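Worksheet for the structure shown next.
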């Protein structure tokens, strides 16, 4: 009897160790999949969270470490930090949005980190996470001494009123989070006016730095790109911009800089996403020009979204639907690759592919036209099959998407070798096929 009990005990112990080892392996796998750490300099690491497509930065001094932003915190961020350094870690949040502040609580809980945020963004943080008692009030001009590394807090209001950057004095490097980048959102209720954003950029460009890093890219950018930001912001006017219904905002693009902004004084006639005369029959966009912008920051080519209400006339795409798209067009330059087309649901933080059927190329997946020379007339008729339901009947949830791949640096804005291309259509007709 005792021998049987002893064997059962050994079996239980063995199973316990087996389960524990599997759990540890699973946890390690999750950490590996959730974060990617990269040594940029001996004193600076980027930590990438693919699930949220966002970066945070770990700065190492001789006595202390500092983590700038904390991503969404989907995985064990504190474990990744500890794999890099054993130093005590201070956390500074560039602003209060959840994709940059979500991991703050776990750093506070597991590493006993003090967490700093500008008071103007406390309300944003509280909206997402409720608890603000862990937050320390951060002020522009505050300096954090890490031992041989001095970090100065820079006020960078615009994206939010409490946005800050960090200036690493010894290395002339600026970290900006979302405060200054190639895709700036200034239409949120917590955003500062465009004029205040411009004033901030004009002030910060005079600081002593040579290179800067943004919150959704860890490729170093030259200080000269700040002048691109300033120029684009100065030129951003509603009448020169595209209206985006899903944001109730205007998008202005110049030299790879994209500014999403509000203009309360813009006339209602500009607040439309229509690309052509809505008197045309549904599905017929007639003659139009589409500019495919450099999107190497997020993808690997040139892209444009068509969110024209007249395209589907309020129809919601459903799995099993089939459409025929007939076009005639010319390109403003030689195309490096084929012109692709497909549908996506853009009504949310993540895109949902609606017409993806081939695994060997990314969406949009139908070849609308093979690579062509500048000015060459291309006529094409293709079938687009819908493989998933759109989330709603809104135009933004039933977006037609055009792309041509090119040569550039992934995650680097405005890096396409050939630059944006204009596709001029003399015919653009989408019709729904009868189901058999």
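Given contacts defined as C-alpha pairs under 8 Å and at least six residues apart, what's the relative contact order of segment 34-239, whole-number percent?
Working: 451 pairs, mean separation 29.9, N = 206.
It comes to 15 percent, rounded to a whole number.
Distance distribution P(r), segment 51-106, all Cα-Cα pairs, bin width 10 angstrom from 0: 26, 58, 16, 1 percent. Principal-axis analysis of the Cα atoms of the chain puts helix 2-34 at an angle of about 50° to the longest axis.
Based on the Cβ-Cβ distance of residue 239 and residue 351, what FRET efficiency does E = 1/(1 + (r/R0)^6) give at R0 = 22 Å, to the nearest 0.05? That gives a FRET efficiency of 0.15. Segment 274-432 has equivalent-ellipsoid semi-axes of 23, 19, 14 Å, by the square roots of 5 times the alpha carbon gyration tensor eigenvalues, sorted largest first.
Dividing the mean sequence gap of close Cα pairs (under 8 Å, 6+ apart) by how many residues the chain holds gives a relative contact order of 11 percent.
A protection proxy built from the mean count of other Cβ atoms within 10 Å ranks the segments 90-100, 134-144, most packed first, as 90-100, 134-144. Per-residue ellipticity at 222 nm, computed for the chain from helices alone with -39500 (n - 2.57) per DSSP H run of at least four residues, works out to -6000 deg cm²/dmol.
By definition, a body whose alpha carbon gyration tensor gives a ≥ b ≥ c is oblate when a/c is 1.5 or more and a/b is not larger than b/c, and the chain fits this oblate description.
Once the convex hull of the alpha carbons of segment 34-239 is built, what does its volume come to per residue, in cubic angstrom? Kindly include the intermediate steps, with their values, before the conclusion.
Working: hull volume 22.4 nm³, N = 206.
Per residue, the Cα convex hull of segment 34-239 comes to 109 Å³.
Gyration tensor analysis over the Cα atoms of segment 252-332 returns equivalent ellipsoid semi-axes of 24, 20, 14 Å (largest first, whole Å).
Given their separation in residues at 0.36 nm each and the Cα-Cα distance between them, residue 291 and residue 206 gain 27.2 nm when the chain is fully extended. The angle between the Cα long axis of helix 225-235 and the longest principal axis of the Cα atoms of the chain comes to about 50 degrees, rounded to the nearest 10.
FYI, it's all coordinate maths here, none of it is from the lab. Please read these numbers as outputs of a predicted model, since none were measured by experiment. A quick note on method: Cβ atoms are made from the backbone with ideal geometry, for glycine too, and the neighbour counts reach across all protein chains shown.
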